[in-house]
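Student: Here's a structure for you.
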C-alpha cells in the first residue's frame, strides 16, 4: 500500500489520528510576533498544525495528497471560520506560485526519497520571504542532508532550533546576498 493510500485509509478511520501539534511547533507560534502571517503547511494531513496556526490569526495554505485529510481540515476550518485554503496535491509535483512567511513540513519529508526531499525543500526555500522561517519535524537521520540543502541555497539561512527530530531555520532579513 502506498503512503498516500495508507494515510487516506487512516484518515477515513480516525479523526485527529496524528494528535496535537508537536510542542516545539506550538511554542514557536506562541512566541511568534508577526500578525496575519502567510503559512504554508506541506503534507498537512488532517490539519493539526494548520488549524492551530489559523486559530492564532494567520492565513494557511494546506497541501496534502489525501482528499480525506484536506476535506476534514476544511470542515474544521469552516466550522471555526478560519482562514485556511486546502489543496489536494502531491507535494513532490505541486509548484508553489506565492510567497510565505512560514513553511511547515511536519513529519512528511521522511516519506520521500532523498532526491524528492531535496527538490521539495529547494522549492520551499525560494518561496519564503526574508525574515521568514521553515519549520521541519522529521527523522534525525535526514537532518544532515536537510541542513546541506539550506547551506547550499545561500548563506542567508540560519538555524533557530536544531534538536533531535526538529530543524527550524530562519531566512535573514537583510537584502545582502
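Student: Of 94, 32, 11, which is the most mobile in a GNM of the chain whose springs link Cα atoms less than 10 angstrom apart?
Tutor: Per the Cα network of the chain with a 10 Å cutoff, 32 tops the list.
Student: What distance in nm separates the simple spin-label points at residue 79 and residue 162, each placed 7 Å from Cα in the Cβ direction?
Tutor: 4.1 nm
Student: According to the square roots a ≥ b ≥ c of the eigenvalues of the Cα gyration tensor, what is the shape class of segment 52-134, taking rounded for a/c under 1.5, prolate for a/b larger than b/c otherwise, and oblate for the remainder? Intermediate results must be reported in sequence, preceding the final value.
Tutor: Values: a/c = 2.20, a/b = 1.32, b/c = 1.67.
Oblate, because a/c is 1.5 or more while a/b does not exceed b/c.
Student: Next up: Could you tell me which of rounded, prolate or oblate describes segment 21-88, using a ≥ b ≥ c as the square roots of the eigenvalues of the alpha-carbon gyration tensor, with rounded for a/c under 1.5 and, failing that, prolate when a/b is larger than b/c and oblate otherwise? Before the final figure, lay out the partial values.
Tutor: Working: a/c = 1.91, a/b = 1.54, b/c = 1.24.
Taking the square roots of the gyration eigenvalues as a ≥ b ≥ c, segment 21-88 is prolate.
Student: Right, something else. Rank these for me by crowding, 136, 84, going from fewest to most other beta carbons within 10 Å.
Tutor: Numbers: 136 28, 84 25.
Final ranking by Cβ density, sparse to dense: 84, 136.
Student: If the chain between residue 88 and residue 173 were fully stretched, how many nm would it gain, using 0.36 nm times the residue separation less the Cα-Cα distance?
Tutor: Numbers: separation 85, 0.36 × 85 = 30.60 nm, distance 3.17 nm.
Residue separation times 0.36 nm, minus the Cα-Cα distance, leaves 27.4 nm.
Student: Then there is this: Hey, what number do you get for the chain at 222 nm if only DSSP H runs of n ≥ 4 count, each worth -39500 (n - 2.57), divided across all residues, to the nearest 500? Don't skip to the answer; put the middle values down first.
Tutor: Values: 6 runs with 65 residues, N = 177.
Mean residue ellipticity, 222 nm, calculated: -11000 deg cm²/dmol.
Student: So, one more: So how far apart, in nm, are the two label points at residue 10 and residue 155 if each is 7 Å from Cα heading toward Cβ?
Tutor: 4.1 nm
Student: Roughly how large, in nm² to one decimal, is the mean projection of the convex hull of the alpha-carbon atoms in segment 89-144?
Tutor: Numbers: hull surface 15.7 nm².
The Cα convex hull of segment 89-144, projected and averaged over all directions, gives 3.9 nm².
Student: Any chance you could run the full-extension gain for residue 123 through residue 99? It's 0.36 nm times the residue separation minus the Cα-Cα distance, nm to one decimal.
Tutor: Working: separation 24, 0.36 × 24 = 8.64 nm, distance 1.07 nm.
Here the segment from residue 123 to residue 99 would lengthen by 7.6 nm.
Student: Which length gain, in nm to one decimal place, applies between residue 67 and residue 55 when the Cα-Cα distance is subtracted from 0.36 nm times their residue separation?
Tutor: My answer for the length gained is 2.1 nm.
Student: Once the Cα atoms of helix 114-125 and of the chain are each reduced to a long axis, what angle between those two axes, in degrees from 0 to 90 to the nearest 10, is obtained?
Tutor: 80 degrees
Student: Tally the DSSP beta bridges in the chain and give the antiparallel ones as a percent, rounded to 5.
Tutor: Numbers: 11 of 31 bridges.
In the chain, DSSP labels about 35 percent of beta bridges as antiparallel.
Every number here is computed from the coordinates shown, using simple stated rules; none is lab data. No experiment lies behind these values; they were computed from the predicted model shown. Virtual Cβ from ideal backbone geometry, glycine too; neighbours counted across all protein chains shown.
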